[in-house]
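J.: First the structure, then my questions, so here it is.
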Amino acid sequence: MGCVGFQFMVTLFSMAHAKWLYAETSEPKFQTIYGTVVGQKIMNSDVFLGVPFAEPPVGELRFKAPEPMKKSKQKQFLAKAKKPDCMQSVISASKHVSN
């Protein structure tokens, strides 16, 4: 490959890479009966993280069927980060394995 061909390939790669780096930065949003959900754009995808589908299963709701979300006074829900995982019990395999 000649010098001109190499320069062309480098320029072409740089242009494609720059488009990926400086992709559209507007925040994707959608309207629900509970308010506006605001996500983020990652590469070419609209991403909404941590959107709840039901009330948290705490107190009397523990081990019951999911309850619909209650309307919030909050006008926007930021869905840009994952929420914490549910707590899990740690079960040691050594207690259950006999030799």
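The values are calculated or read from the model by the stated rules, or taken from the named source; none is laboratory data. This structure is a prediction, so every number in the text was calculated from the model and none was measured. Cβ atoms come from the backbone with ideal geometry, glycine included; neighbour counts cover every protein chain shown.
J.: Name every residue in segment 15-41 that is at pLDDT 55 or above and either exposed (fewer than 10 other Cβ atoms within 10 Å of the Cβ) or more than 14 Å from the chain's Cα centre (by Cα) (or both), in order of residue number.
T.: As a first pass, look at segment 15-41 and keep what is at pLDDT 55 or above: 25-41.
Result: THR25, SER26, PHE30, GLN31, THR32, ILE33, TYR34, GLY35, THR36.
J.: Residue by residue through segment 42-94, note down the ones that are more than 15 Å from PHE30 (Cα to Cα), of a type in the set (Asp, Glu) and touching a residue at least 12 places away in the same chain (Cβ under 8 Å).
T.: Once the filter is applied, which keeps residues that are more than 15 Å from PHE30 (Cα to Cα), of a type in the set (Asp, Glu) and touching a residue at least 12 places away in the same chain (Cβ under 8 Å), segment 42-94 yields GLU55, GLU67.
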